[in-house]
Amino acid sequence: IWEQDINQNKPLRIIIPIVFYHGKEKWKVPRSFAEQFDVDEEIKGFLLDFTYILFDTDSWDFRDESNRELKENVLLFTAMVLMKAAFKNDTGTIREIFNFWQEKGLIEKKEMVLFFLGYIYHTQKIDRGQLKKMLIESKLDGGDIMQTLAQELKNEGKKEGKKERTREIARQMLLDNFPIEKVIKYTGLTEKEIKTLMN
């Protein structure tokens, strides 16, 4: 938000902090910055204080008519709805998003569709077969997209498997009393990753 500084005749920038929340638990952090510190009241007067704007997706109704303008930004609207539905096994909302994509022609942007499908796959209890069926029922061409997504997930699984094997080698080296420097050199893991394995 910009305001005009009348005395200096220069633009004055005012920053308003916004918290965008889509967690599983109810938001419990105080809206006042100073209230987040457990200090005496006398000291609180010296703390920087402001109130942030909280956008909690849990209480947001994306179906409301007031979102008509927001829906024109297809990517932002999709991201917000998918974050709201994350980890809730909400297949109804996913179907609505697929219909929304059909209506807005997002299916033409294959990379974005794959990105969002990957997010859905990782945040919902939906297997590839069910996801493909839902795409087809929504009259989206699921064949080519699902094949590409399946390959990407397969590659991701291979990378994770390789990383797990590397971690196992590092564990064995640590058990054999190799110095951390040697473990870093031979596994390529960071010092932080290795210290995590030691705990």
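Computed from the coordinates by the stated procedures, all read-outs in this text should not be read as laboratory data. Just so we're clear, the structure is a prediction, and the values are computed from it rather than from any experiment. Glycine also receives a Cβ, built like all others from the backbone with ideal geometry; neighbour counts cover every protein chain displayed.
Across the options Tyr52, Leu76, Asn89, the greatest Cα extent toward the positive end of the charge dipole of region 42-89 (unit charges at beta carbon of Lys, Arg, Asp, Glu) belongs to Asn89. Taking GluC sites (Glu not before Pro) across region 61-147, the ones in a DSSP loop with at most 13 further Cβ atoms lying within 10 angstrom of their Cβ are Glu69.
Placing R0 at 22 angstrom, the Cβ-Cβ distance between Glu111 and Leu76 gives a FRET efficiency of 0.85 after rounding to 0.05.
Partner lysines whose Cα lies under 21 Å from the Cα of Lys185, excluding those fewer than 8 positions away in the same chain, are identified as Lys159, Lys162, Lys163, Lys195.
Across region 28-139, Cα pairs under 8 Å and at least six residues apart give a relative contact order of 20 percent.
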